[in-house]
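Written below as C-alpha cells is the structure these notes are about.
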Amino acid sequence: MLKQIPRHHVLVYLLYLLVAIGVTYPAVTSLSTAFIGGDTSDAYEMARHVWWFKTAIQTGEDIFWQSNLGYPEGFSGVTLWANPLQFFPMWVFTFVMPIATAYNITILLTMALNGWAMYFLARHRLGHEHHTPALIAGLIFMIFPVFQGHLFDGHAGLMVQWGVPLLVYALFQYIDTGRRRWFGLSVIFFVLSPSGHALQVIYLLLPLMALFLFAQLYNRIWIGVTRVVTVGLVGGVVLLIYLFPTVGDTLGTSQYVESGGFVRFSIDLLGLASPSFLNPFWSDITQYSSLVLGTNIAEGSSYVGVIGLFLALIGVLSHRNSRWWLLVAVVAWIFALGPVLKVLDQPVTIGVAGYETIVPLPYALFMELPIFELARTPGRFMFLFALAFAMMAGYGMAFIWTSGWVRNSRKFVRYLAVILLAVLIFRDYQFFESFPMQTAQIPQAIHELADRTDIRAVFNVPHDNLLSAKEALFLQTAHNKALIAGQVARETPIDPARLELLSTMETPLLTDAGADIVIINKQRASQMNMLETLQNRALIHLGAAIYEDDRYAIYETPIMTAEPDSVYTVTPDERQNTTYIYKEQPGWLEYTATFTADNRTIHLLLNDERVHTWTIDGTQRLSVPLPIGRRGYNTFHIELDPPCPVRFNAEILVCRDVTISDIEIVSFTDGPIYDPIRLEDGIELASFFMPEDFASDSAVRLWWRLENPRAQTDIRFIHILDENRRLVAQADDNIGDGERDGQWTETLSLDISELPAGDYLVLTGWYALPDAIRYDVLTNVEGAQDNTIVLGTFTIDGDE
C-alpha cells in the first residue's frame, strides 16, 4: 500500500484540491497578497509564528523562546512544540515564497488531504468497489460547516484532521487482523491526529477511543478490547512523552486556563438545522441562522445539510455498521452542546421550586476537571461529529449507488446525477459566496523600520484589543524589531500594568521600557472608540506622526529632556476597581479613595496578594499603605467578597456593588524598604514607615508578612511609652480570622494630642491571649530583649 500510490488516489486528491479552491474562492486569485480568513481570524498570528520559525533557523535563535516578544526579557514559546502540523509544511514554504502564499497553499493542501483521508477510510469500510459513495463521504467531511467556520477564524491547526480517518482505518484493521504493521500505523496516526492542535486529544481521541472500546465490550470481543487498550496506552505514552516539555508551560499559563468561554463556544440546539447566514443558497432563512450562530461562526457551526441528512438517514436504516457511527455522532453532538442547553444562542432556563435555573448538560461534569478545563470550546467536538456523519452519509450513498434502479440506468446519467448531487452538497454547506480574505499588505514605512539600528522595540496600541495584538505580530514580519507585548496564543503574558501605563505614552515610561516606536492601529482603536484618545496622547507626548495612513500611525519616542516623575498611575476600568502603578524606585505609597457600599466586604490586593480587608457600610473615605518592594509596575485591585455573579437576571436579583471615587495616591519614600524583622511562628515585619515629624502626623504604616494563619487570639500591638517607659497610648488589635496569611498592611493613627511635652518611644509586636504572652522577636533589633520592635522616637515640645 505504501510502496506506490495508485493513480486514482492522485486523481481523487486533485479533485478535492479543486473543491478546496472552490470553497475558498477568490483566494486562488490573491495567494500572495491576502490570507484566507475573516477580519477576526488568527491568520496574522499564524503568519508571525511561521515567520519566526524561518527567522530563528536562519539566525540560530531558539525557536521555542520568544526572544523578540515581551522586550526585553522575552518569554517561553514552548507551546508551539505541541502543534507541529499547525506550522508544517508552512514554515518550509516560507523559504521559497511569501508568507501569505505559504499559508494559503498549506490550507488548500490540508483541506484536500482531509477529503482524501475520508475517501480512503470510506472506500475500505464501504467496500473497494464503492468509489462514488466514498467520494461523497470525503466531500461532506472536508467541507462540513465546522471546517469552514474554523477556516474563517484562521484556525489552521484545527484544519489538520486527515490523521483521524487514517487512525480509524488502521485501528479497524488492527482489531480485525492483529498484525504488527497495523498496530504500528495505529499508534503513528494516534500521535499524528492531535498534531495540528494538541487539545484534539480531548475533542477527538478520548471520545473516539472510548467508543471503540465500548463497541468491543458490548460485543464481548475481548481480543478487540485488548487491542484498543494497547493502542490507546502505547499511543498515549508516546504522545505524553512528546508533549511533556509543554505541560508545565501550558498548565501554568493563565491564557489557557482562565479564558473561559465554555457556554459561548458551544453549539446551539437548533444548529443542526441552521446553515450559514452568509450562504446565498439559503438567503430566505439567514435571519434565523444569525440568531442561532450569533457572532460565534466557527465554534457554533453544526449544520448537517438537507442532502447530507437524507443520505445519513438512509445509511443508518440500510446498514447495521453505520449505527455505531450514529452513536459516535450523538455523543459528539451532546458534548458539543457544552455545559448548558442553548436555543437561539441563549441559555434555556426552567423554573424549579419558584427559582429560575439553566438546563445543565453532561459536559458540565467534565469541564472543570484537570486537563479538561483547557478545552474551553466544546463546539470543537463537531469535528468528531463530522467524521461520523460523513461515514453515515457514505453508507447511505452506497445503498443508493448499489440499488437496482441506479445500476440499471445509463452510466452517463448516473455520473451526471452524482455531479449534480455533489454541487448541491457544496452549495448547501457553503459558508460564503465569496470567502473572506485578510490583507497581507504592509505599508512600506513599516518595512523601512527594519533598516534602523536605533530602535530597541515597538509598542503597538491599542494593546488590549485581541485583533490589534494579532496584527501587531504580523507587522513584526516587516519591521523585524522586538515587541513590548506579543503572544504565542490568545493573550499576552506581559503584565497588564506595564501595558496600561505605557499606553499613557508618557515619554519617561516609553524610554525606560525601550519602546522607541509606537504604532497606533487606527482601525482597531476606532472600533474601541479609543482612536481620538490615543492620538491626543501621542500628539502631547510624542509629537507628530512620522507616518500615517488610514490603517496605521507611527510615532517616534523623543529623547527625554526632563526628569521623570517618581510615580505614574492609571485607573482604566470604569468602576475603578483596578489601579496600575509605576514607581521609579521602591518605597511607600498610600492609596486613598471614597468607598460607597451597603455592608459589603472588600479585599485589597497588591500584585495579586491580599494586603487589607474592609467592610464598607455607607460612604467612607479610607486609606491603605502600599509597600512597593521593587521598582517598576504594580497592580492594585479591589474585589468584592462574595463577588457579583458574571451573569444574573437584574429583574430578580440585585448585586450590592461598591462604588469607588476620588482616588488619590501619595508617595512617602523613595528607596529600598524591605528590611525584614522576624518574630516566632512565621510573623515578619517586612517594613514600616514612621514620619519624622510624628508629633504632627501620628500615623505609622506597617507591612506584615504572615507565613501562618493568625487566630483571633493573636493580637498586634502598637505602644507609646514615655520617658519613664510608662504606657501612654496604644492600639491593640486582632487582625486575624483563623484563615488570613500572606501580607497585611495598615495605617495606625494614635491620639497623642493630650500628651505632655517630653520624649516618647513607639514600639510594636505581637502577643497571644489569654495570657498576653508576647511572641519572641528573633531578629536582633532595638527592643528585641523585651520581645518588642522599636519603630522610633518622637518629641513633643513644651509649646505644643
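The values are calculated or read from the model by the stated rules, or taken from the named source; none is laboratory data. Predicted model only: the values in this text are computed from it and were never measured. Heads up, the Cβs are rebuilt from the backbone with ideal geometry, glycines too, and the neighbour counts pull from every protein chain shown. Side chains are part of the model used for accessible areas, which takes the heavy atoms of the whole protein and leaves out ligands, DNA and RNA. Shrake-Rupley method; radii C 1.70, N 1.55, O 1.52, S 1.80 Å.
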What is the distance in Å between the Cα centroid of region 1-75 and that of region 689-745? 62
Separation of alpha-carbon centers, region 79-99 and region 346-420, rounded to whole Å: 31
Computed over all unlike Cα pairs, the Kirkwood hydrodynamic radius of region 390-450 in Å stands at 15.7
Per-bin percent of Cα-Cα distances, the chain [10 Å]: 2, 11, 18, 20, 17, 13, 9, 5, 3, 1, 0, 0, 0
Using mean Cβ contacts within 10 Å as the protection proxy, how do 409-418, 8-17, 311-320 order, highest first? 311-320, 8-17, 409-418
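What is the packing order of peptides 76-85, 216-225, taking the mean over residues of other C-beta atoms within 10 Å and listing the highest first?
In descending order of packing, they fall as 76-85, 216-225.
I need the peptides 484-493, 623-632, 606-615 ranked by packing, meaning the mean over residues of other C-beta atoms within 10 angstrom, with the highest value on top.
So the peptides 484-493, 623-632, 606-615, ranked by packing, come out 484-493, 623-632, 606-615.
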Taking placed amide H atoms and a strict 5 Å upper bound, the residues 5 or more places from Ser302 or on another chain that come that close are none
If only Cα atoms are counted, what is the Rg of region 301-375, and what is its Dmax, in Å? 16.4, 48
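Per residue, how large is the accessible surface of the chain? Use a 1.4 angstrom probe and give square angstrom.
Details: 35450 Å² over 800 residues.
For the chain, the solvent-accessible area averages 44 Å² per residue.
Wrap a convex hull around the Cα atoms of region 18-75, take a quarter of its surface area, and give that in square nanometres.
Projected area, direction-averaged: 5.7 nm².
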Determine one quarter of the surface area of the Cα convex hull of region 82-183, which equals its mean projected area, and express it in nm² to one decimal. 8.0
Given the C-alpha centroids of region 772-787 and region 107-175, what is the distance between them in whole angstrom? 74
Karplus ³J(HN,Hα) for region 609-616 (6.51 cos²θ - 1.76 cosθ + 1.60, θ = phi - 60°; Hz, whole; x = Gly/Pro) runs 10, 5, 10, 6, 9, 10, 10, 9
